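Next up is a structure, given as structure tokens.
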Amino acid sequence: KVKSLRSPGLVLLATHGFWVPSESLHTTSGRNGEAAKRAMASSGLLLSGANWMVPSKPPGPPQPAGAFIEIPLRSGELEKNWDGVITAGEFEDIDLRNTWVLALSACGTGLGEFGSSEGVFGLQRGALTAGARNIMLTAWPIRDSIAATFTPEVLKEALNNGDLASAF
């Protein structure tokens, strides 16, 4: 349903974010366009139905609540198993032209691949390309309990005063 949004004024997605460093994608290409495409497929949101991506017990020591989990993916896995996953590249195709605020209440939504002189390839680039004027995201883990309180409070204040930046 996220992919079928048509120019909403405000969008709040409370879910899980992911970022897979490009070396983890196990793909190679000498063309810049392919590198950018790969980078835009390496970050996104895990929505309902994305459980196939997360191991039942992550390897290594137990993670604190809200910890960002790096998900190892093989090349092409996102493209074949898209259900429940929306990548940064897919965000570019959503109609967010009249969206004042896109709030991504999820860990690591501000992460992505840095391209010299081109900025960060990730969810924020996809959302800006789609037309969102303001994007609320994180570059760190955030506990669900804190996000459930903090995000609505910031959005309520932003709506009351008409300015997202001053709402923080």
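The values are calculated or read from the model by the stated rules, or taken from the named source; none is laboratory data. All of these numbers come straight from a predicted model, not from anything done at the bench. Heads up, the Cβs are rebuilt from the backbone with ideal geometry, glycines too, and the neighbour counts pull from every protein chain shown. To get the accessible areas, we keep the full protein, side chains included, count just its heavy atoms, and leave off ligands, DNA and RNA. Shrake-Rupley method; radii C 1.70, N 1.55, O 1.52, S 1.80 Å.
Measure off, as a whole percent, the carbon and sulfur share of the 1.4 Å-probe accessible area of the stretch 93-159, all protein chains present.
55 percent
Now a separate question. If you plug each phi of the stretch 141-148 into the Karplus form 6.51 cos²θ - 1.76 cosθ + 1.60 with θ = phi - 60°, what whole-Hz ³J(HN,Hα) values come out, in order, with x for Gly and Pro?
3J(HN,Hα) across the stretch 141-148, in whole Hz: x, 9, 5, 4, 5, 6, 4, 5.
With a Förster radius of 35 Å, plug the Cβ-Cβ distance of ALA148 and LYS3 into 1/(1 + (r/R0)^6) and report the FRET value to the nearest 0.05.
0.90
More than 17 angstrom separation, counting every C-alpha pair in the stretch 113-162; what % is that?
Here the long-distance tail beyond 17 Å is 53 percent of all Cα pairs in the stretch 113-162.
While we're here: So how far apart, in nm, are the two label points at ALA139 and ALA14 if each is 7 Å from Cα heading toward Cβ?
Between ALA139 and ALA14, the simple spin-label model gives 2.6 nm.
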